[in-house]
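Heads up: the structure comes next, in structure tokens.
Quick note: the coordinates plus some simple rules give every number you see, no bench work behind them. Just so it is clear, the model here is predicted, and its values are computed rather than measured. Counting neighbours? That spans all protein chains shown, and the Cβs are built from the backbone with ideal geometry, glycine included.
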Amino acid sequence: TNDDRSGRHIQNSKSDSIHELEPRSEKEQGAKSADDEQPKREPAPIKNFPVGMVLRACPDIAMYGPGGTVGNWRDLMSAAVVVRSMLGVSPSAYQEACEVMGPENAATAIACILERGGHINSAGGYLRDLTRKAARGEFSLGPMLMALLRANGGSMARTG
């Protein structure tokens, strides 16, 4: 009878989690991702330098920090957003740099670009080039910071 069949076919439509309705990944769907076909070499993360060293190498960025000073990474990153706009670097170029280099290093790169402003024709193009090199593991902020420290009369003992 119909009553017997419907009694056996009761479903609980109440779900504990919305995620039960969707597969957790493409692999569960049987899709083959590009990562499966070709292993991707992850470049080593770019080393963060002390904020004090960045400020000695790039003193010009400090005036763009909250209250005209930079005392920590948060201040430097805030200053970098102001300077990014001032230099004409697109939000997408800066966002990509943050994703590839990390936000502290992207802010440091902007500080370096500001410091070398007279020598760089296109700040946005330069940042995109640095970002591409960083993505390939071919870029380090160290040499750029050291050159700016020397140019600004600062000294930093070499370690490592």
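A few comments on the model shown:
- In terms of surrounding Cβ atoms within a 10 Å radius of their Cβ, Ile110, Ile61, Ile120 rank from fewest to most as Ile120, Ile61, Ile110.
- Taking other Cβ atoms within 10 Å as a rough exposure proxy, Thr131, Thr69, Thr108 sort from fewest to most as Thr69, Thr131, Thr108.
- Extension gain (nm, one decimal) between Ala62 and Met86, 0.36 nm per residue minus Cα-Cα: 7.2 nm
- Fewest-first ranking of Tyr126, Tyr94, using other Cβ atoms within 10 Å as the exposure measure: Tyr126, Tyr94
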